[in-house]
Amino acid sequence: MNTNIIEINSLNKWYGEFHALKNINLKVKEGEIIVICGPSGSGKSTLIRCINFLEKFQEGSIIVDGITLNDDVNNIRHIRTEVSMVFQHFNLFPHLSIIDNLTLAPIWVHGKSKQESKNKVLRLLDRVGIKDQAKKYPNQLSSGQQQRVAIARALCTSPKVILFDEPTSALDPEMISEVLDVMIGLAKEGVTMLCVTHEMGFAKKVANRVIFMDKGQIIEENKPKDFFNNPESRRLQLFLDQILSR
Amino acid sequence: MAVFKQQTPKKAPNPETKIVSWLRENLFPNATNSALTLLALYVIYLIVPVVANWMLFDATFAPVSNEQCGIKGACWSYIFEKLDLFIYGFYPPEIYWRPQWVLILALSFVWIAKLLKQHKYKTKITITLIIIYPIISFFLLYGGPGLEIVETYKWGGLMLTIIVATVGVIASFPIGVLLALGRQSKMPIIRFLSIIYIEFIRGVPLITILFMASVILPLFFKEGMDMDKLLRALIGITMFQSAYIAEVIRGGLQAIPRGQYEAADAMGLNFIQKIVLIILPQALKISIPNIVGSFIALFKDTTLLLIIGLFDILSMVHLTTSDEKWLGRSTEGYVFVMVVMWIILYSISHYSKVLELRYSTEHKN
């Protein structure tokens, strides 16, 4: 629990003239669970999308597992094999069956054999509770099931870090808990997780640190207990009032 | 506070089965529509009997000469006598079995590929068939070791129409895919060249490209070098068609949500894997109706081959109308072409709807 798996140093990003990320510094230790929250447009998704280079940044550096992220294609691919991502809208591939969705990366990126990856994938699907749906297509599943498949897909390459980009925001309300349960299970197994989410229950239960962002900046960062009970900044107090009074 | 009992589902009322209410809803819902319905019926009454009498009831189907045919109805005897010419052009009659086998092979290969749906080596066998089929077909049609050579100027009729349209659409497909990807590329030179090519080709009629292929292309050849006329036409048609296919596929590519690209990227797939495994399969499925549409357009455009001296089905008919024995029977010839074209093209367009439905089950976004 001592090495930093991710180091973000004075990261700055602009969309044209708009300053989207302002001087972000963040160190994540191996096995840490970090929850990032904040109002919409605060740059939290942008931040985690910079880590696997879905977004380019102009200044600063990101080091993942000792490798400094740069423009080089091989470098980016290497980092993406160690960092996987779960999206708000699942982004499963609709033309492939669930099992083909999951074996894609093991076969094509990691060069595993078909049979080997299939066995592993079936174990993962069992773990997220949808083994019997393996032959179906994504659109035949409910939104909650689809997101659980997406989590299994993120796991199937045994990544060191998983990024979650608002994984429960596009779900029907009754499906949220089944996805959160899977995430909580994961958190207890020691995978490093960075979650952009507004599920404060999840944060309280498993997060090591909670980060509050606003207007492209990290405003406050604390252990969950202090974060929720003694928010220091006025901005965070307001945000928590709004979100917890629901 | 109140709690309600759960209700059992009832059968839906089904008014559509009643003919009268169907008529009222669809044909006579109000005064204007009723008037239009009556007008349409009157037009049908004017046209259909005349056409039906000419085509069927007053027509001659027996193998008789022009004079024995009545003048009231159509003389299909003419079509029957010339049928071989319409289908095969000037291909030697004693070896009609060769183009016939090309067709039989095509159908049986499709059938084999269908049977293999669940087979372990399905993809490998299908790819093998796709590669060997054109080679066998060319050998059968043109000839080679052991088979008499039939020069391409003898090819003609419906056979030529089908060959040109099929080769045109299949050869232009990979080029079209590359052009579509090129037009979306982030590299400015590739994008620029693709745009220039596509917009240039789309900006000129097919006929000019055929002229170019048959007149201008030979100017680039060294003395004594010659290129088959049909091959030149095929190159021209492929160049033309690939620009249209490219635009159709670009439409499909644009319909793929950005999340698909991001998910593929986030997994670590490289560019080619992303395109081949994720993006193209989805884009092509969306494009099926439009690809078929442009194939249909191409099929009809093959009639322009007459201009450069190749005889497709329409030009074969046109040619036989000057036969002294059958003077005055050109209407029958052109109606025949119309009917043949319609049957083929309608079947294709119907099949594309079947394909669309089949794939839509896994694509409900």
### Task
Only helices (runs of 4 or more DSSP H) wholly contained in the range A:1-119 count here; list those with 1 or more residues that are over 27 Å from A:Arg209 (Cα atoms).
A:73-82, A:98-108
### Message
Within the range B:206-213, does at least one residue satisfy the condition of being within 30 Å of A:Phe164 (Cα to Cα) and either crowded, with 18+ Cβ neighbours inside 10 Å or within 14 Å of chain A (Cβ to nearest Cβ) (or both)?
### Response
no
### Task
Mind listing just one residue for me: the one in the range A:120-138 that is over 23 Å from A:Leu180 (Cβ atoms) and part of a helix (DSSP H, G or I) and, of those, nearest to the other protein chains (Cβ to nearest Cβ)?
A:Lys120
### Task
Can you confirm whether the range B:296-313 contains a residue that is assigned to a helix (DSSP H, G or I), within 14 Å of chain A (Cβ to nearest Cβ) and either under 30 Å from B:Phe211 (Cβ atoms) or open to solvent by 30 Å² or more (accessible area, probe 1.4 Å) (or both)?
no
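Please go through the range B:145-166 and pick out each residue that is in a loop (DSSP other than H, G, I, E, B) and open to solvent by 40 Å² or more (accessible area, probe 1.4 Å). Please lay out each step first, then the result.
Within the range B:145-166, the subset in a loop (DSSP other than H, G, I, E, B) is B:145-146, B:148-151.
Across the range B:145-166, the qualifying residues are B:Pro145, B:Gly146, B:Glu148, B:Ile149, B:Glu151.
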### Message
Considering only the range A:131-140, I want to know if a residue exists there that is more than 24 Å from A:Thr46 (Cα to Cα), of a type in the set (Ser, Thr, Tyr), touching a Pro at 6+ places or on another chain (Cβ under 7 Å) and in contact (Cβ under 8 Å) with a residue 40 or more places away in the chain.
### Response
yes
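Take the residues in the range A:51-71 that are polar (S, T, N, Q) and modelled with pLDDT of 90 or more; name whichever of them is most open to solvent (accessible area, probe 1.4 Å). Even if it seems obvious, please write down each step before you answer.
Let us first name the residues in the range A:51-71 that are polar (S, T, N, Q), namely A:52, A:58, A:61, A:68, A:70.
So of that shortlist, the ones also modelled with pLDDT of 90 or more come out as A:52, A:58, A:61, A:68.
Numbers: A:Asn52: 1, A:Gln58: 105, A:Ser61: 33, A:Thr68: 70 Å².
Per the stated criteria, the residue is A:Gln58.
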#### Entry: Selection from the range A:105-119 of residues that are surrounded by fewer than 16 Cβ atoms within 10 Å (Cβ to Cβ) and either within 13 Å of chain B (Cβ to nearest Cβ) or among the hydroxyl-bearing types (Ser, Thr, Tyr) (or both)
A:His110, A:Gly111, A:Ser113, A:Lys114, A:Gln115
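Looking at the range B:94-109 only, could you name the residues that are β-branched (Val, Ile, Thr) and loosely packed, with under 12 Cβ neighbours inside 10 Å?
Of the residues in the range B:94-109, the ones β-branched (Val, Ile, Thr) are B:95, B:102, B:104.
If the condition is that a residue be β-branched (Val, Ile, Thr) and loosely packed, with under 12 Cβ neighbours inside 10 Å, then B:Ile104 is the only one that fits.
If only one of B:Ile44, B:Ile71 is exposed (fewer than 11 other Cβ atoms within 10 Å of the Cβ) and over 20 Å from B:Gly333 (Cα atoms), which one is it?
Details: B:Ile71 fails: over 20 Å from B:Gly333 (Cα atoms).
Going through B:Ile44, B:Ile71 in turn, just one is exposed (fewer than 11 other Cβ atoms within 10 Å of the Cβ) and over 20 Å from B:Gly333 (Cα atoms): B:Ile44.
When you look at A:Ile79, is it open to solvent by less than 20 Å² (accessible area, probe 1.4 Å), touching a Lys or Arg at 6+ places or on another chain (Cβ under 6 Å) and within 19 Å of A:Lys160 (Cα to Cα), yes or no? Please lay out each step first, then the result.
Working: open to solvent by less than 20 Å² (accessible area, probe 1.4 Å): yes; touching a Lys or Arg at 6+ places or on another chain (Cβ under 6 Å): no; within 19 Å of A:Lys160 (Cα to Cα): yes.
It is false that A:Ile79 is open to solvent by less than 20 Å² (accessible area, probe 1.4 Å), touching a Lys or Arg at 6+ places or on another chain (Cβ under 6 Å) and within 19 Å of A:Lys160 (Cα to Cα).
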### Task
With respect to B:Lys222, determine if the residue is more than 21 Å from B:Ser294 (Cα to Cα), touching a residue at least 40 places away in the same chain (Cβ under 8 Å) and open to solvent by 10 Å² or more (accessible area, probe 1.4 Å).
no
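Suppose we filter B:Lys117, B:Lys72 for residues that are basic (Lys, Arg) and under 26 Å from the mean Cα position of the chain (by Cα); which single one remains? Working first, answer last.
Values: B:Lys72 fails: under 26 Å from the mean Cα position of the chain (by Cα).
Answer to the selection: B:Lys117.
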### Task
Considering only the range B:20-40, state which residues are assigned to a helix (DSSP H, G or I) and loosely packed, with under 11 Cβ neighbours inside 10 Å.
B:Val20, B:Ala31, B:Thr32, B:Leu39
#### Entry: Pairs, first part of a loop (DSSP other than H, G, I, E, B) in the range B:67-91, second buried (at least 17 other Cβ atoms within 10 Å of the Cβ) and aliphatic (A, V, I, L, M), C-beta under 8 Å, six or more apart
B:Gly73/B:Ala59; B:Ala74/B:Ala59; B:Ala74/B:Val335; B:Tyr91/B:Val150; B:Tyr91/B:Met159
### Task
Would you mention how many residues in the range A:59-101 are without any contact (Cβ under 8 Å) to a residue 60 or more places away in the chain and more than 9 Å from chain B (Cβ to nearest Cβ)?
18
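Output the residue which, of all residues in the range B:262-279 that are more than 9 Å from chain A (Cβ to nearest Cβ) and surrounded by 16 or more Cβ atoms within 10 Å (Cβ to Cβ), is farthest from A:Gln88 (Cα to Cα). Walk me through it before giving the result.
We begin by selecting, within the range B:262-279, every residue more than 9 Å from chain A (Cβ to nearest Cβ); these are B:272, B:274-276, B:279.
Then drop every residue that is not surrounded by 16 or more Cβ atoms within 10 Å (Cβ to Cβ), which leaves B:274-275, B:279.
Working: B:Lys274: 20, B:Ile275: 23, B:Ile279: 20 Å.
Result: B:Ile275.
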## Note on the structure
From the option list B:Ile249, B:Ile237, single residue qualifying as surrounded by 22 or more Cβ atoms within 10 Å (Cβ to Cβ), touching a residue at least 40 places away in the same chain (Cβ under 8 Å), in contact with a Ser or Thr (Cβ under 6 Å, 6 or more places away or on another chain) and away from chain A (no Cβ under 14 Å) is B:Ile249
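Looking for whichever is under 30 Å from B:Ile286 (Cβ atoms), part of a helix (DSSP H, G or I) and open to solvent by less than 60 Å² (accessible area, probe 1.4 Å) here; the options are A:Ala170, A:Ala154. Which one fits? First the steps, then the outcome.
Values: A:Ala170 fails: part of a helix (DSSP H, G or I).
Selected residue: A:Ala154, the only one of A:Ala170, A:Ala154 that is under 30 Å from B:Ile286 (Cβ atoms), part of a helix (DSSP H, G or I) and open to solvent by less than 60 Å² (accessible area, probe 1.4 Å).
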### Task
Give me the pairs, please: first residue somewhere in the range B:318-342 and hydroxyl-bearing (Ser, Thr, Tyr), second residue anywhere and surrounded by 14 or more Cβ atoms within 10 Å (Cβ to Cβ) and not in a helix (DSSP H, G or I), beta-carbon distance under 9 Å, and either six or more positions apart or on two chains.
B:Thr320/B:Arg329; B:Thr321/B:Arg329; B:Ser330/B:Thr321; B:Thr331/B:Ala74; B:Tyr334/B:Thr321
### Query
From the list B:Trp22, B:Trp101, B:Trp111, B:Trp97, which one is modelled with pLDDT under 85, farther than 24 Å from B:Leu314 by Cβ and aromatic (Phe, Trp, Tyr)?
B:Trp22
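So which of B:Gln282, B:Gln254 ends up being closer than 28 Å to A:Val86 by Cβ and away from every other protein chain (no Cβ under 14 Å)? Before the answer, list the steps.
Details: B:Gln282 fails: away from every other protein chain (no Cβ under 14 Å).
Every option except B:Gln254 fails the conditions.
Considering the range A:24-34 alone, what residues qualify as being in contact (Cβ under 8 Å) with a residue 24 or more places away in the chain and within 13 Å of A:Thr192 (Cβ to Cβ)?
A:Leu26, A:Val28, A:Lys29, A:Glu30, A:Gly31, A:Glu32, A:Ile33, A:Ile34
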### Residue among B:Ala213, B:Ala171 that alone is more than 21 Å from the chain's Cα centre (by Cα), assigned to a helix (DSSP H, G or I) and either closer than 27 Å to B:Met341 by Cα or of a type in the set (Gly, Ala, Ser) (or both)
B:Ala213
### Query
Which number in (1) crowded, with 21+ Cβ neighbours inside 10 Å; (2) free of Cβ contacts under 8 Å to residues at least 40 places away in the same chain marks the one condition that A:Ile48 misses?
(2)
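The values are calculated or read from the model by the stated rules, or taken from the named source; none is laboratory data. This one's a predicted model, so the numbers in the text were calculated from it and none came from an experiment. FYI the Cβ positions are ideal-geometry reconstructions off the backbone, even for glycines, and counts take in every protein chain you see. SASA here: full protein model, heavy atoms, side chains in, ligands and nucleic acids out. Shrake-Rupley method; radii C 1.70, N 1.55, O 1.52, S 1.80 Å.
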